[in-house]
Amino acid sequence: MKKIFVVSFISVGYFLNAQSLGNSPYAKYGIGDVKYDNTIETASMGGISTAFISDFTSNFNFANPANNANFELTSIKLEATNENNYFKSNFNDMKSTKHSTYLSNISLAFPISSKVKMGISYQPYSSKSYDILSQRKVDGTIVDQNQFKGNGTLNTAAVALSYKINQEFSVGARANLYFGDLSDLTEFSSAGSEYIAGYETKNRIRNFNFTLGTSYQKLNPRTDKKLTIGATATFGNIGNMTTEYTNSTYRYADAAGTKADINQIDYKESKSKNLLPLQASVGVGYGSENHWFLSGQLDYKKGEDISYFGNTFSLQDTYRISAGGWYLPNYNNFRSYFSRVIYRYGAFYERGNLKLEGNSINKFGISAGVMLPFKNSSITRMSGLEIGVEVGKRGTLQNNLINQNFINLKVGFNFADKWFRKALYN
């Protein structure tokens, strides 16, 4: 049974690495659309995780590895995301729609002892998947055109450890491996010429860093109310990103896209180590034991310089404000199924790292979700179906930029039980 599970875990991970993710035209800058933490649980609460310690024994927190004091079971999570993006621009009254579905998270977590907990996760960190055609016409005839293409996925594999110092304090650490290949291609062609001018940037990424976290939770046993404070920091880049920039002319020999008569005009190769910059997060939460919880969070990511089409492009510092929580009506009411459902809610605002034509490409949204427990689930074995939805907006119509409205649906399963443990007594 254990061998079958390990093979299945690796197989799903391979599929996750090979899949193509959808995103917006803004993905052409930097390392693409960053997915942040893809877990349904935190995404349904606006992204709050730094001061979120689950009241239940079946949920492992990877975002802040210190927040796993209550985790006691072996948990397997499989999650998928359906993205629906609607784009609009004042430039030529452009309107477009894009949909994509992909496996967004697979994780395994288990307790090593009453104080030490461990988790392994694998998920996409960012992606590029766009194809934009811009044409210039005179009297209805195409004079020239630009084709913008991007593809690739940057994945992350993480190993997290949590240590409970005492009833109130915990610390944690997570090792993060980022790997993948991203590419951007701009092609210019004019009427009457079969040759194309191509400008291509390829990034090969192998990067490693660490996330340290800490948390404090104070429970009032008389009222069952509790206060939670958490903080994380991500730093220590090891590895590099190799960037290749090629400027060439060529023609397509067939419909399959085979290039012929290639003439290389310029070629550059560079290495950088500041791909994944310093990140930090602080959060505060307050709630009632096994009943409700509310939290606020502030995330910060330092801006960085990237190589893009042979030039250096600067990204600005990013700030994200999140608020959210959950509500459980009555977990002891087995006569009413919906009294044992966990209801989640949240909202966020993010100042993006892109600034184009003097406009910051910001993002905001609201989210909601439910955790539908399996029929035999109890408060000590909270397994079930996870459903979440995010609705929001990114970008602007000013200066002929693109406004992006999105609706993201997330569905997954959390299987939690006392697995892989040897019985002490027969």
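The values are calculated or read from the model by the stated rules, or taken from the named source; none is laboratory data. These figures come from a predicted structure and were not determined experimentally. Using ideal geometry, Cβ is built from the backbone for each residue, glycine included, and neighbour counts are taken over all protein chains shown. Heads up: the accessible areas ignore ligands, DNA and RNA and are worked out on the full protein's heavy atoms, side chains in. Shrake-Rupley method; radii C 1.70, N 1.55, O 1.52, S 1.80 Å.
One table, with the values for the structure above:
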quantity	calculated
Estimated translational D of the range 41-188 in µm²/s (Stokes, Kirkwood radius over Cα pairs; 10 °C; 1.306 mPa s)	85
Full-extension gain in nm, Ser272 to Ser314, via 0.36 nm per residue minus C-alpha separation	13.8 nm
Accessible area (Å², 1.4 Å probe, nearest 10) - Lys271	130
Point-to-point label distance, Ala80-Ile265, nm (Cα→Cβ direction, 7 Å offset)	4.5
Where only C-alpha atoms are counted, convex hull volume of the chain per residue in Å³	164
Volume of the Cα convex hull of the range 229-275, divided per residue and given in Å³	138
Entries of Lys218/Lys418; Lys137/Lys259; Lys77/Lys418 with Cα pairs more than 18 Å apart	Lys218/Lys418; Lys137/Lys259
J(HN,Hα) series, the range 218-226, from Karplus relation 6.51 cos²θ - 1.76 cosθ + 1.60, nearest Hz, glycine and proline x	10, 9, 8, x, 6, 10, 6, 8, 9
The range 149-178: trypsin sites (Lys or Arg not before Pro) in DSSP coil with no more than 14 other Cβ atoms inside 10 Å	none
Amide H contacts under 5 Å for Lys35, placed H, 5+ residues apart	Ser126
With Cα atoms, 0 to 90° folded angle of helix 2-18 axis to the chain main axis	30
Partners for Lys302 among aspartates and glutamates (Cα-Cα distance below 14 Å; same-chain residues under 8 apart left out)	Asp317, Glu350
Pairwise FRET efficiency - Lys115 versus Lys355, Cβ, R0 = 51 Å, nearest 0.05	0.65
Area accessible to solvent at Glu41, 1.4 Å probe radius, in Å²	10
Amide N of the range 135-154 lying under 14 Å from the label point, which is placed 7 angstrom from the Cα of Ser100 along Cα→Cβ	149-154
Segments 183-196, 62-75 sorted - mean Cβ within 10 Å per residue, highest first	62-75, 183-196
The range 26-90, accessible surface, carbon-and-sulfur percent (1.4 angstrom probe)	49
Whichever lysines have a C-alpha closer than 18 Å to that of Lys301, once near sequence neighbours (fewer than 8 apart) are set aside	Lys35, Lys273, Lys355, Lys363
Karplus (6.51, -1.76, 1.60) ³J(HN,Hα), θ = phi - 60°, over the range 202-207, in Hz, Gly and Pro reported as x	10, 10, 10, 10, 9, 9
Principal axis dimensions, largest first and in whole angstrom, of the range 327-389 by Cα	58, 17, 16
Net charge over other residues, Cβ less than 12 angstrom from the Cβ of Ser183 (K, R count +1; D, E count -1)	+1
Contour minus Cα-Cα distance for Ser336 and Ala191 (0.36 nm per residue)	45.3 nm
Calculated from backbone phi, Karplus (6.51, -1.76, 1.60) coupling profile of the range 158-169 in Hz, x at Gly/Pro	9, 10, 10, 10, 10, 10, 8, 6, 8, 5, 10, 10
Under 5 Å, built H, 5+ apart or other chain: amide partners of Ile402	Thr396
Rounded accessible area per residue of the chain, 1.4 Å, Å²	48
Inter-site label distance for Asn146 and Val284 at 7 Å from Cα along Cβ, in nm	4.7
Solvent-accessible area, 1.4 Å probe, carbon plus sulfur percent, for the range 148-234	60
